[in-house]
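To start, the structure itself, in structure tokens.
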Amino acid sequence: KASDYQMDAASLTIRKAPAAAFVLEIESSCDPQANKALSGLYLSRGIYCTQCEAEGFRRIAPYLDRPDVLAKFRVRLEADKAAAPVLLGNGNLIESGDLDGGRHFAVWDDPHPKPAYLFALVGGDLAHIRDEFVTASGRKVDLRIYAEPGKEERCHWAMDSLKRSMRWDERRFGLEYDLDIFMIVAVSDFNMGAMENKGLNIFNDKLILAAPETATDADYEHIEAVVAHEYFHNWTGNRVTCRDWFQLCLKEGLTVFRDQEFTSDERSRAVKRIDDVRLLRSRQFQEDAGPLAHPVRPDAFIEINNFYTLTVYEKGAELCRMLQTLTGVEGFRKGVDLYFERHDGQAVTVEDFLAAMADANQIDLSHFKLWYTQAGTPELSVRCAYSPKSQTAKLTLTQTLFPSPGQDKKKPLHIPVKVGLVGKSGDDLPLKLAGGGDVAGGVIHLRKRRETFVFEGVAERPVLSPLRDFSAPVRLTTDLKEPDLLFLMANDSNSFNRWEAAQALAMRLLKASAAGAPVKPRTLSAFIAALGKTLADDNLDPAYRAAFGALPSERDVALSIGRNVDPEAIHNARQAMRAKIGAVLGKSLLQLYEALGPAPDAPFSPDAKSAGQRALRNLALTYLTVAGGRSAPSLLKAHYDSAQNMTDAIAALSLFSNIES
């Protein structure tokens, strides 16, 4: 009866629900064409599409629209066949056919309980490419990627990325796909970028479409990573989902970590770590330091869509990486296995995830949990003192935690710090804590505001290699001198810290030059020589050499200076250093540039090896151009004319914009 319920703009309230289990039927209508929010069900360019995360389903129909309300969905779609010849939904297609009046229907059944935010449907005129994947247990999965007609031929790289993602997830985490079909739909009008709806991922087509004439190597890598990320959500987000939106990092941070590991295995692990840390420092650290700083798991929100932030995603991934550092790769896998064993088909919390990690590895993570509740970036100070008499190296670690909005006082965190002591031969010295403490994997654990760790049996003065692989998301300060950094540039066995030493020394030189201070010619010459040695080392991955040889960006230098930034002085300092590098290393850079040139008839490939070679060749071109004087325009023109792809063309055009020509 009308008196038994109340309907208003925000909700449907049923006053007299039966005491026992009951069936509720609701007939509702909505106007997709009038939906300009692009949340819920909307119509754009003739395509019906949904976006229900975080709270879009309530725009379609009244529902208990919370992530902890899980249900099995069977959806029947009907439409005019001429207007919407393709009808897609979650799960498996169990029935379809024609109806009277030029209409048709499709019935999609998803056997897995899911929250409404994972509901999806798409209807419209779409073309597609098709492939097949055979799971580890021998099941055949139908793979399809849909796009607007005429664009489908640009979907093949995304399909290749999808198949590699599926195989990697089986190999690394033992996770098989669980439906008969997996679909991706790429549309022009999709605000969220990409969405992991069960069995029916929806993407903005910029994250799917790629062709050599219009996509750079960075675009190809980004497509590969995002396709993997949304597929990996099938387990970390869909099969096990969030109890509430405060747990957003539970699915996003964990899945970002998984896609980072995928890219590391598919490409260069060192370069991927460098890229992720650069993003963290240049953007997430700024978020942590500003008025909108918030914990990885926020304790309050007005609008949940405002919390799809770098802190939740990128810092959330760093917390998962620290857990892997604490447990080891095998221990992390054991924790994930137990997590799914306990919670498959459930909506859970960060505490559930940490409990699985702790129980699987027999460790206490109660202190570590503070990372999820305290905002801000800790500052970690590391100081090393060597005693030749006692043959000990004493490391003093101090963490400083700054106030952030709503958190004036903070407790010290559990910070895993991976370290190395490098001897004069370039080899790592054995790590043996006085008193017999554990240094498994070279990791020491800072749990207090200040702690000292003494290593014994250190027969020679070592050079400290601190925070290897960036083992915690902190701002690091050390007492390393310029000769130490030069030594680590040439000798550190940890690829990330070798790059870090080069960046730290380059930053010192650039900041001094930008401030008008004289740069020691001897230091600059030694830096350039060490740079040249690495660039010419054919035993190193070309992508790593390219990352190693790139100077800190003007933005990075400005962020490091902090206040009273002079952009023109930074630009001039950086150009002068690039010109000096190009002049000193000119002969070897030209040889490198010519050696890496593609064969005239070689087909373009976006694979990791080819992309790394292009990156290194274009870095050499950069230094040659900046130092090239009158010969620079002709070199760039030849590079542009011979470019077989957008990466090389843009490299030439961007350099042209910085020279007089």
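The values are calculated or read from the model by the stated rules, or taken from the named source; none is laboratory data. What you see is a predicted model, and the numbers here were worked out from it, not measured in a lab. A quick note on method: Cβ atoms are made from the backbone with ideal geometry, for glycine too, and the neighbour counts reach across all protein chains shown. Side chains are part of the model used for accessible areas, which takes the heavy atoms of the whole protein and leaves out ligands, DNA and RNA. Shrake-Rupley method; radii C 1.70, N 1.55, O 1.52, S 1.80 Å.
Observations, loosely collected:
- The distance separating the Cα centre of region 254-329 from that of region 411-432 comes to 24 Å.
- For region 28-39, putting each phi into the Karplus relation 6.51 cos²θ - 1.76 cosθ + 1.60 with θ = phi - 60° gives couplings of 9, 9, 9, 10, x, 5, 8, 7, 8, 6, 6, 10 Hz, in residue order, rounded to whole numbers and with x for Gly and Pro.
- Where Arg449, Arg498 fall by accessible area, highest first, once all protein chains stay in place (1.4 Å): Arg449, Arg498
- Region 447-510 shape via C-alpha gyration tensor axes, a/c threshold 1.5: oblate
- Candidate values [x] 36.0, 119; [y] 24.0, 79; [z] 27.6, 95, label of the one derived for Rg and Dmax of the Cα atoms in Å: [z]
- According to the Cα-based calculation, Rg over Rh for region 30-112 is 0.98, with Rh computed by the Kirkwood formula.
- Solvent-accessible area, 1.4 Å probe, carbon plus sulfur percent, for the chain: 51
- Each residue of region 448-458 was assigned a 3J(HN,Hα) from its phi angle through the Karplus expression (A = 6.51, B = -1.76, C = 1.60, θ = phi - 60°), giving 10, 5, 8, 9, 10, 10, 10, 9, 10, x, 8 Hz with x at Gly and Pro.
- Modelled spin labels at Ala82 and Arg383, positioned 7 Å past Cα toward Cβ, are 8.1 nm from each other.
- Accessible area (Å², per residue) of the chain, counting only protein heavy atoms and a probe of 1.4 Å: 45
- Cα gyration tensor category, rounded, prolate or oblate, for region 131-244 with a/c compared to 1.5: prolate
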